[in-house]
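Worksheet for the structure shown next.
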Amino acid sequence: MNIPSYRVRPGDKVEVREASRKMARVLSALDAAEKRGIPSWLELNKDQFAGSVKTLPVREEITLPIQEQLIVEFYSR
């Protein structure tokens with residue numbers, strides 16, 4: 001997939017192309033993800049440069065400080 005806004009579904013697998021696996025940005029992103037922790041609704045296979053979506057997250061599983069009301073207000077202009 002080469003569309004950044006592609007909406008993944010449970011069961012979808014995403015992996016890094018072979019040509020991109022040695023890029024410093026990709027390697028540092030994988031390291032950062034492991035340090036930050038992988039959410040329970042995602043699965044990461046660092047050795048294969050792949051991940052999959054186990055289930056869609058529910059609001060309680062998202063730990064980022066998101067204020068949904070601000071998003072709604074922004075898009076309702």
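Values quoted throughout were computed directly from the atomic coordinates according to the rules given, and no laboratory measurement underlies them. Keep in mind that what you see is a predicted model, and the values were worked out from it rather than measured. When we count neighbours, we look across all protein chains shown, and the Cβ atoms used for this are built from the backbone with ideal geometry, even at glycine.
List of remarks:
- Per-residue ³J(HN,Hα) for the stretch 58-72, Karplus 6.51 cos²θ - 1.76 cosθ + 1.60, θ = phi - 60°, Hz, x for Gly and Pro: 9, 3, 5, 8, 8, 9, 6, x, 9, 10, 4, 4, 5, 5, 4
- Largest mean-square fluctuation among L44, L64, L27, in a Gaussian network model of the chain whose springs join Cα atoms under 10 Å apart, belongs to L64.
- Helix-only CD estimate at 222 nm, as mean residue ellipticity for the chain, using -39500 (n - 2.57) per DSSP H run (n ≥ 4): -8000 deg cm²/dmol
- Our summary gives the chain a relative contact order of 35 percent, counting only alpha carbon pairs under 8 angstrom and 6 or more residues apart.
- 5 angstrom amide H check on L42, placed H, neighbours 5+ away: K54
- Additional length obtainable on full extension of the chain from A24 to Q48, 0.36 nm per residue less Cα span: 7.0 nm
- Among G51, G37, G11, the residue with the largest mean-square fluctuation in a Gaussian network model of the chain, with springs joining Cα atoms closer than 10 Å, is G37.
- Relative to the current alpha-carbon distance between Q67 and S40, full extension at 0.36 nm per residue lengthens the span by 7.6 nm.
- Among D47, D31, D12, residue whose mean-square fluctuation peaks in a GNM of the chain (springs only between Cα atoms under 10 Å): D47
- Extending 7 Å from the Cα toward the beta-carbon at both R77 and M1 defines two label points whose distance is 2.9 nm.
- Only one residue of I62, G51, V26 has its Cα farthest out toward the positive end of the dipole of the chain, where Lys and Arg carry +1 and Asp and Glu -1 on Cβ, and that residue is V26.
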